[in-house]
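Participant: Here it is, the structure, as structure tokens.
The values are calculated or read from the model by the stated rules, or taken from the named source; none is laboratory data. These numbers were taken from a predicted model, which means no experiment stands behind them. Using ideal geometry, Cβ is built from the backbone for each residue, glycine included, and neighbour counts are taken over all protein chains shown.
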Amino acid sequence: MVNTRRRALAAGSMIAVALAAAGCASPKGGGTSSNVDQVYSDKGRIGEVSQLKSITEFCGTKPLKVALADGTGDNAWRKTARAEFEDEAGKCPNLTVMPYSDAQNNTQKAISDIKALVAQGADAIVVFPDAGQALLPTLREAHQAGVAVVPWTANPGGTPGTDYTTFVGHNTINDGHTWARWTCQHLGEAGGNVLFLGGTPGNTQSTTEIKGVEDEFASNPACKNAKLLNEPGTPVDTDWNPAQTQRVVAGLLTKYPKIDAIISDSGDGSVGGLRAFTAAGRKLPLWTANDNNGFACQWQQIHAQQPDFGIVTVSSRTWLVRLALRKAVAAKEGIADNEPDIINIPVYEDSFDSAKQPRCDTTLPASAILSGQLTPEKFKSIYN
């Protein structure tokens, strides 16, 4: 994923600002035993992709003005999410999409953008609250004015139903379980040394993911000979930036003569990590990430020479913005939407699974998110 988005995730994720951004299949509700944030304590809110529905069930008949208020929009991940939002809204003839709002990483502009949308008559606003809790009073004000407000991916804190309509996100603890389970499976009986690479210091996405990793290592017999080299509960910080990840991994290679697996939560950053291994002349280990076109293309270039180099990715979940829009529209239309709010993200690519081979599209930028629910034509148009 692109660094700007990842930095934004961190800004929106400092406790109570949870979730940013599920190979073996995760058990239903997997990861919910690790309640390091209250968003995971209500198991009724957590569910599977199979439980998601079509927006046509929630369009209703009332004409509604809907808007996407972004904290920043200058990267491929956000462009993909915006396209998914507009594509989903286009399925309801009674919805009018208001002009896109990009706060350009400026908290005061994010606040004024939301206030402006309310003043212009928005009925429903989906918000990526990069500014975190600083946005909460503005979200609450819009909610109290009768606007359906749904923050997504980065939780601004507060209380659903009081400060905003609901929060939509992904189960980051479950991601940790998924990556660790796959890693242990493919390390096999011999086990090996494993490192977890996170993003910015202290961000809740990475700290919840490593909790899932640690729980899986502790409970899964397949992990008995796998050793997590991190200090307990402490990801290796990379800022989710390819250049910084390359520098960090170069240092780790000097420190550890044997690294058998990398569990990373960034496909974009992982491209830099791969460069560090190559520059050091070290054999590439097993590697996990979120899906990223450049990461998949790197695997395709390397695996013929290093067939033991395996990767797995979970979806980068830009399509969650569709769920956020459905929740907002249903609330304004007075239609019950019993879809889960927090989704266990599925495996998207697995180099050991013939049905889920890594996808590389050389006609798109390295930062493209191919797990998005868009047509090939739309993908090409949004990255221009």
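Participant: From (1) modelled with pLDDT under 95; (2) surrounded by 17 or more Cβ atoms within 10 Å (Cβ to Cβ); (3) within 30 Å of PRO346 (Cβ to Cβ); (4) in contact with a strand residue (DSSP E or B) (Cβ under 9 Å, 6 or more places away or on another chain), pick out the condition that doesn't hold for ALA103.
Facilitator: Unmet condition: (3).
Participant: Does ALA324 meet the test of being farther than 27 Å from GLN298 by Cα and either part of a strand (DSSP E or B) or under 23 Å from the mean Cα position of the chain (by Cα) (or both)?
Facilitator: Answer is yes for this residue.
Participant: Here is a follow-up. Select, from LEU195, LEU135, LEU139, the only residue that is touching a Leu at 6+ places or on another chain (Cβ under 8 Å) and not in a loop (DSSP other than H, G, I, E, B).
Facilitator: From the options LEU195, LEU135, LEU139, the qualifying one is LEU195.
Participant: Right, something else. Identify all residues within region 143-192 that are among the aliphatic types (A, V, I, L, M) and assigned to a strand (DSSP E or B); write none if there are none.
Facilitator: ALA148, VAL149, VAL150, VAL168, listed by residue number.
Participant: For ILE111, only one of the following conditions fails: (1) within 16 Å of ALA328 (Cβ to Cβ); (2) part of a helix (DSSP H, G or I). What is its number?
Facilitator: The failed condition is (1).
Participant: Here's a follow-up. Using beta carbons and a limit of 8 Å, which pairs, at least six apart or on different chains, have the first residue in region 47-62 and crowded, with 18+ Cβ neighbours inside 10 Å and part of a loop (DSSP other than H, G, I, E, B) and the second one among the aliphatic types (A, V, I, L, M) and at pLDDT 95 or above?
Facilitator: Here the result reads PHE58/VAL329; PHE58/ALA330; PHE58/ILE335; CYS59/LEU95; CYS59/VAL329, each pair linking region 47-62 to a residue that is among the aliphatic types (A, V, I, L, M) and at pLDDT 95 or above.
Participant: I'd like the full set of residues that are more than 17 Å from ALA289 (Cβ to Cβ) and either of a type in the set (Ser, Thr, Tyr) or surrounded by fewer than 14 Cβ atoms within 10 Å (Cβ to Cβ) (or both), limited to region 248-271.
Facilitator: Once the filter is applied, which keeps residues that are more than 17 Å from ALA289 (Cβ to Cβ) and either of a type in the set (Ser, Thr, Tyr) or surrounded by fewer than 14 Cβ atoms within 10 Å (Cβ to Cβ) (or both), region 248-271 yields GLY251, THR254, LYS255, TYR256, PRO257, LYS258.
Participant: So, one more: For region 331-369: of the residues being within 21 Å of GLN51 (Cβ to Cβ) and aliphatic (A, V, I, L, M), which is surrounded by the fewest Cβ atoms within 10 Å (Cβ to Cβ)?
Facilitator: Per the criteria, the residue is ALA336.
Participant: In region 106-142, what residues are of a type in the set (Val, Ile, Thr) and at pLDDT 95 or above?
Facilitator: Correct list: ILE111, ILE114, VAL118, ILE125, VAL126, VAL127, THR138.
Participant: Among the residues of region 101-119, what is the count of those that are closer than 17 Å to LEU325 by Cα and of a type in the set (Gly, Ala, Ser)?
Facilitator: 1
Participant: Given the criterion closer than 30 Å to VAL127 by Cβ, surrounded by 16 or more Cβ atoms within 10 Å (Cβ to Cβ), modelled with pLDDT of 95 or more and of a type outside the set (Asp, Glu), identify the matching residue among LEU325, LEU286.
Facilitator: Testing whether each residue is closer than 30 Å to VAL127 by Cβ, surrounded by 16 or more Cβ atoms within 10 Å (Cβ to Cβ), modelled with pLDDT of 95 or more and of a type outside the set (Asp, Glu) leaves just LEU325.
Participant: So how many residues does region 254-268 have that are of a type in the set (D, E, K, R), in a helix (DSSP H, G or I) and under 21 Å from the mean Cα position of the chain (by Cα)?
Facilitator: 1
Participant: If you take the residues of region 209-247 that are among the acidic types (Asp, Glu) and surrounded by 15 or more Cβ atoms within 10 Å (Cβ to Cβ), which of them is nearest to the chain's Cα centre (by Cα)?
Facilitator: Checked region 209-247; the qualifying residue nearest to the chain's Cα centre (by Cα) is GLU209.
Participant: If MET98 passes every condition in (1) more than 18 Å from the chain's Cα centre (by Cα); (2) buried (at least 24 other Cβ atoms within 10 Å of the Cβ); (3) under 20 Å from LYS327 (Cα atoms) but one, which one does it miss?
Facilitator: (2)
Participant: Would you mind stating whether GLY31 is modelled with pLDDT under 90, in contact with a helix residue (DSSP H, G or I) (Cβ under 9 Å, 6 or more places away or on another chain) and of a type outside the set (Val, Ile, Thr)?
Facilitator: Yes: the conditions hold for GLY31.
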